[in-house]
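Read through the structure below, which is laid out as structure tokens, and then see the notes.
The values are calculated or read from the model by the stated rules, or taken from the named source; none is laboratory data. Every value quoted in this text rests on a predicted model; they were computed, and no experiment measured them. Glycine also receives a Cβ, built like all others from the backbone with ideal geometry; neighbour counts cover every protein chain displayed.
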Amino acid sequence: MEIIPMLLKEMELEAQTTRKMFAQIPNDKFDWQPHPKSMTIRALATHIAELPEWVSLAINTDELDFAANPYAPRIINDTEGLLNLLEQSLTDGKTQLEKTNENELLKSWTLRNGEQILIVRTKEEVIRMTYSQIVHHRAQLGVFLRLLDVPIPGSYGPSADEALFV
């Protein structure tokens, strides 16, 4: 199988799980955080929703310099807005992935902070890293929701809240 169809399929499979997780977030808990060093649910979920845009970033640029482009997250105040942001990000990422070619994905891409080089990877590796970031942060969100006693949807099978045999 070619790389692009595999990346598109993985993006959609992870999006299905992310949608289910986002749908569980209570609107009155967006400012909750389990620890002062932790992100709020708003910040964490917004970051997850924006991550599919990194697919476009990897395809359409050769680098990201945090020093020149500081992160400015969108302000999302409810679950509906969060789901809408996710869909916009997914549409953007899928569109760019569908328009690119395998040779473009083999080019190098750099993440830096001014003169400090953080990573240099192929664009395909950056896209895979983005998917891993989505899974990683979605797991954090699951812990946050568990601490709030919110039922957790299954990711790769049923969760303890969806147990097949109770």
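Let's see how each residue does on (1) among the aromatic types (Phe, Trp, Tyr); (2) in contact with a Gly (Cβ under 6 Å, 6 or more places away or on another chain); (3) under 24 Å from THR122 (Cβ atoms):
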{"site": "ALA45", "(1), (2), (3)": "no, no, no"}
{"site": "GLU50", "(1), (2), (3)": "no, no, yes"}
{"site": "PHE66", "(1), (2), (3)": "yes, no, yes"}
{"site": "ASN69", "(1), (2), (3)": "no, no, yes"}
{"site": "ARG74", "(1), (2), (3)": "no, no, no"}
{"site": "GLU80", "(1), (2), (3)": "no, no, no"}
{"site": "LEU83", "(1), (2), (3)": "no, no, no"}
Top-ranked residue of the range 1-11 - restricted to ones that are loosely packed, with under 15 Cβ neighbours inside 10 Å and in contact (Cβ under 8 Å) with a residue 60 or more places away in the chain, ranked as farthest from LEU147 (Cα to Cα): GLU2
Selection within the range 36-80 - surrounded by fewer than 20 Cβ atoms within 10 Å (Cβ to Cβ), in a helix (DSSP H, G or I) and out of contact with any Ser or Thr (no Cβ under 9 Å at 6 or more places or on another chain): ALA43, HIS47, THR79, GLU80
Any hit, the range 81-95, residues being assigned to a loop (DSSP other than H, G, I, E, B), out of contact with any helix residue (DSSP H, G or I) (no Cβ under 6 Å at 6 or more places or on another chain) and surrounded by fewer than 16 Cβ atoms within 10 Å (Cβ to Cβ): no
Meets criteria (among the β-branched types (Val, Ile, Thr), assigned to a strand (DSSP E or B) and at pLDDT 95 or above) for VAL120: yes
Close pairs (8 angstrom Cβ cut-off, 6 or more residues apart or separate chains): polar (S, T, N, Q) in the range 62-88, assigned to a loop (DSSP other than H, G, I, E, B) anywhere: ASN77/PHE30; THR79/ILE25; THR79/PRO26
Matching residues, the range 87-136, being in contact with a Lys or Arg (Cβ under 6 Å, 6 or more places away or on another chain) and aromatic (Phe, Trp, Tyr): TRP109
Criterion violated by GLU14 - all others in (1) surrounded by fewer than 18 Cβ atoms within 10 Å (Cβ to Cβ); (2) of a type in the set (Asp, Glu); (3) within 16 Å of THR130 (Cα to Cα) satisfied: (1)
Test set (1) surrounded by 15 or more Cβ atoms within 10 Å (Cβ to Cβ); (2) among the charged types (D, E, K, R); (3) out of contact with any strand residue (DSSP E or B) (no Cβ under 7 Å at 6 or more places or on another chain) - GLU115 fails condition number: (1)
Filtered residues of the range 104-149 (kept if under 19 Å from HIS47 (Cβ atoms), over 17 Å from the mean Cα position of the chain (by Cα) and β-branched (Val, Ile, Thr)): ILE119
Answer residue from the range 129-142, given it is without any contact (Cβ under 8 Å) to a residue 40 or more places away in the chain and of a type outside the set (S, T, N, Q) and is nearest to MET21 (Cα to Cα) among those: ALA139
Qualifying positions in the range 133-160 - surrounded by fewer than 14 Cβ atoms within 10 Å (Cβ to Cβ) and either of a type in the set (Phe, Trp, Tyr) or assigned to a helix (DSSP H, G or I) (or both): HIS136, ALA139, VAL143, LEU147, TYR156, ALA160
